[in-house]
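Take a look at the structure set out below.
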Amino acid sequence: MRDAFTSQAAVAIERAVLAGEAERARLQAESEHLRNTLFSSVSHDLRTPLAAITGAAAVLRDDSAAFSATQRELVDTIYVQGDRLGRLLTNLLEMARLESGSLMLRREWQPVEEVIGSAIHRLEQRLAGRTVTADVTPGLPLAELDAALMEQALLNVLENAIKYTPAGSPIDVTARPEGNDAIVVEIADRGAGIPAGEEERIFEKFRRADSSGVPGFGLGLTICRGIVE
C-alpha cells in the first residue's frame, strides 16, 4: 500500500513539473512571438517615412551648390543617419522574419563580385577615408544565392569592420574558390579582434563583444549566421 502511494505521488509530482515546464515554454514562445510581431510592425511602419526622409536628403545633397557649408553638413548628417537607421530597421525586420520562420530564400545564379560591389557601394559614405581592397579570383564561377540577403550579410560584417576599427584603417574583401563546389568570401580589418572565449557568443542575439561608445543592438552577426545557415 505504501509503495503504491509513493509511486502515485511520484507520478503526480512528475506531471506537475512537466506541466510547469510546458507552461513556461508556452509563455516564452508567446513572448517571442509578441516581440517579433512588434519588431515587424514597427519596422514596416517606420520604413516608408524614413525612406522619404532619406530620399529627400539625397536629392538635396545632389543639388547643394547654393547651400552654405553648415547647410551641406546638416543635409549630409540627415542622409547618413537616416541611412543608418534604415539598416537598423532592416536588421530588426530580418531578425523577426528569421525567428518566425517566414524568411524565404530567392536563390538565383549570381556573380559574387557584383554582390560584394553592391555592398561596398551602399556603404561608400561611411567608408570614405579608408582604403577598401576587393580581391576576387578571376573566373570565379556563379553562385546560387539570394543576392539581397547575402548583400545584407556582407553589409553587417562591413559595418562591424567600420565600427570596431581605427578611423582610416584599411579593409580587405576577398573571394576565392575552395574545393569543387564552394566560394569563400572573407572580410579582414585591422581591429583589436574578438576576445578569447567570445568567438561563438558574439553570434548570440543582442550579444556584443565591446559596446563601449559603439552604437548598435548586437543583431548584425546573428542575422548573418541566420542568413548563411
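Annotations
- Globularity ratio of the stretch 80-229, using Cα Rg and 2.2 N^0.38 Å: 1.04
- Taking every alpha-carbon pair under 8 Å whose residues sit at least 6 apart, the chain reaches a relative contact order of 16 percent.
- Here's the picture: charge each Lys and Arg Cβ at +1 and each Asp and Glu Cβ at -1 in the stretch 139-178, and of LEU155, ALA167, PRO141 the one pushed furthest to the positive end of that dipole is ALA167.
- Beta-bridge orientation, the stretch 56-200: approximately 65 percent antiparallel, per DSSP, counting only bridges with both partners inside.
- Evaluated at q = 0.11, 0.14 Å⁻¹: base-10 log I(q)/I(0), Debye formula over Cα of the stretch 101-175: -0.31, -0.49
- Between the stretch 115-194 and the stretch 77-102, the Cα center-to-center distance that results, in Å: 19
- As a rough guide to protection, the peptides 219-227, 157-165 ranked by mean Cβ packing within 10 Å, highest first, stand as 219-227, 157-165.
- Crossing angle, helix 112-122 versus the chain [Cα axis fit, 0-90 degrees, rounded to tens]: 80
- Between GLN8 and THR48, the simple spin-label model (points 7 angstrom out along Cα→Cβ) gives 6.3 nm.
- Near GLN110, the amide H atoms lying under 5 Å from its own belong to ALA143, GLU144, LEU145; only residues 5 or more places off or on other chains count, and H is placed 1.01 Å from N.
- Accessible-area ranking of MET150, MET95, largest first, probe 1.4 Å: MET150, MET95
- Computed from the alpha carbon positions, the gyration tensor of the stretch 100-145 leads to an equivalent ellipsoid with semi-axes of 25, 18, 7 Å, biggest first.
- Helix 69-100 vs. the chain, principal-axis angle (Cα, 0 to 90°, nearest 10): 30
- Principal-axis tilt of helix 147-163 within the chain, Cα atoms, nearest 10 degrees: 80
The values are calculated or read from the model by the stated rules, or taken from the named source; none is laboratory data. Since we're looking at a predicted model, the values are computed, not measured. Don't worry about glycine lacking a Cβ; one is built from the backbone with ideal geometry, like all the others, and counts go over all protein chains shown. What goes into the accessible areas is simple: the full protein's heavy atoms, side chains included, and nothing from ligands, DNA or RNA. Shrake-Rupley method; radii C 1.70, N 1.55, O 1.52, S 1.80 Å.
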